[in-house]
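What follows is a single structure, written as structure tokens, with notes after it.
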Amino acid sequence: MKINSLLIANRGEIAIRVIQTAKLMGIETWVIKTSKEPNALYLGAADKIIDFSDHSEEIPEFLDIEKIIKAVKSNKIDAIHPGYGFLAESPVFAKRCEEEKIIFIGPSPEAILKMGNKTIAKQLAREHKVPLLEGSLGNVADASEAIKIANKIGYPVILKAASGGGGRGMRIVENEHELEKLFKMASSEAAKAFNDPSMFVEKYVRNPRHIEFQIFGDKHGNMIHLGERECSVQRKHQKLIEESPSAALDPDLREKMGKAAINIAKSVNYYSAGTVEFLLDSDKKFYFMEMNTRIQVEHPVTEKVTGLDLIELQIRVAQGEELPLKQKDVKIEGWAFEFRINAEDVQAGFSPSLGVIEKMSLPKSKNIRIDSGIQEGAVITPYYDSMIAKLIVYGESREKAIQYSAIALKKLWIKGLKTTIPFCKAVLNNSNFKKGIYDTSFLVKEMKIHYFEDKDAEMLAAYFATYDFARTLKEEEGKTVDFEKGKNMNPWILNKRLKSL
């Protein structure tokens, strides 16, 4: 079925990104207006708007499956593109679209379900001979079982949430003494973030490189990969700068990793855009980590080096078309970087920076692309992710791409709040980064001087969250929290400790 109308069930830069391609394809675009962003830039980019301004706060606007489905049905919209985040990796949402005969621009509900659960994904990787780190064969029942596995494979180990990602529900464990405490913390965090406390254990690789492969499949069984992206510049397991290709891979290793990525995707009859993520150690051995069943934030660097429009491919695959190219047709030319411009105070440990964008200057050039959902006068609120723009720079070589990136970052500025622009400039000036010699420890080893991270940051966050919870409960429901029942979380005890810092 040809798609004639499309709702982007998302916001910000990815909503604008999807709209741009959809319009080129002659597709009518719809977006959702919220009370949190009544004047958002993406609203003006779409053909039509569905107003959710009166939405109840019980379920966030972009997570209310039934309300979104109802709006699509009542407006006779053909398809939904979920972007990334929110409902993009919800098998329930994909299934509801399928049930209501709405085209979901993404993979099947079954593929999302299996790859969304890291334990199942690891089992499939094992069955299809994709390299894996040592660890538990499935979820671990409790800390005691985790200790037995850790003692067998050796420390350090990493505890991971079976569901979800983004660094939540994840803890590195150095010895048996701290495993039980960290297991409880990780499991509790996973339960709150993903409604699933399940955990698994695997061997922790110190300072690997984070390499991911962009794969693409169609509903006719065709599958290709579009090369790799290097995502090793990150903090707290969240990416900051990406590049394609990676300086760490040679043609032979690229071919091996690409085949492994295709094998794991074929295990669930995958179609649409997907990303298979690997860890690469210092001996050039790679290990399957997870698969993301959606378009990635960093997809533009792949578009730059392949010349392909991944959103267009997603839409064409969703309406039943075959992929227009085979693996032999994929050509990787040049080099591209993506810099995530976040509204964050880097010198305060990358803490969110809220406020109004008073002035901004965006560089323009044939080798520069900026994906953004902001404009002058936009209010950066605490309701959504801190990423406000992406700077993508292309060059004929890695050296040229770095050179052009430095020029672009010099011309890019945003006034009114703090951003990661100065940090990105500092990374580009790092000698090891310029040489392509870096891994996931890059921030700690090379960039620590550029930002401050309080060792008590988590305690401070817990203190203020607890205080705010108690205040809200008192104001809205007239209830007083009895902190004596949980003395470790007593804000007054924490306050004494804070004063002593």
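What follows is calculated from the coordinates using simple rules that are stated; it is not laboratory data. Source: prediction; values computed, not measured. Counting neighbours? That spans all protein chains shown, and the Cβs are built from the backbone with ideal geometry, glycine included.
So here's what we get for this one:
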| quantity | calculated |
| --- | --- |
| Whole-Hz couplings from phi, Karplus 6.51/-1.76/1.60, listed for segment 203-218; x for Gly and Pro | 4, 9, 8, 6, 6, x, 9, 9, 10, 10, 10, 7, 10, 8, x, 10 |
| Relative contact order, percent, segment 32-78 [alpha-carbon distance under 8 Å, six or more residues apart] | 34 |
| Highest-first arrangement of 196-202, 362-368, where packing means the average Cβ count within 10 Å | 196-202, 362-368 |
| Amide H contacts under 5 Å for Leu7, placed H, 5+ residues apart | Trp30, Ala79, Ile80, His81 |
| Whole-number percent relative contact order across segment 134-203, with pairs defined as alpha carbons under 8 Å at least 6 apart | 44 |
| Low-density loop positions, GluC sites (Glu not before Pro), segment 243-331 - DSSP coil, at most 13 other Cβ in 10 Å | Glu322 |
| Within straight-line cross-link reach of Lys101, lysines at Cα separation under 18 Å, skipping those fewer than 8 residues along the same chain | Lys2, Lys67, Lys70, Lys73, Lys76, Lys219 |
| Residue-by-residue Karplus 3J(HN,Hα) for segment 69-86, coefficients 6.51, -1.76, 1.60, Hz, glycine and proline x | 4, 4, 5, 5, 5, 5, 9, 6, 8, 6, 9, 10, 10, x, x, 10, x, 6 |
| Relative contact order of segment 5-105, defined on C-alpha pairs under 8 angstrom at six or more residues apart (%) | 31 |
| Beta bridge orientation in the chain: antiparallel %, DSSP, nearest 5 | 85 |
| Lysines with Cα under 17 Å of Lys152, excluding same-chain neighbours fewer than 8 positions away | Lys203 |
| Mean Cβ neighbour count within 10 Å, used as a protection proxy, ranking 12-21, 419-428 highest first | 12-21, 419-428 |
| Anisotropy class of the chain from Cα gyration tensor, a/c 1.5 cut | rounded |
| Using alpha carbons only: equivalent-ellipsoid semi-axes of segment 209-450, gyration tensor based, whole Å | 30, 21, 17 |
| Sites matching trypsin sites (Lys or Arg not before Pro) across segment 258-347 that sit in DSSP coil, with at most 15 neighbouring C-beta atoms within 10 Å | Lys284, Lys285, Lys326, Lys331 |
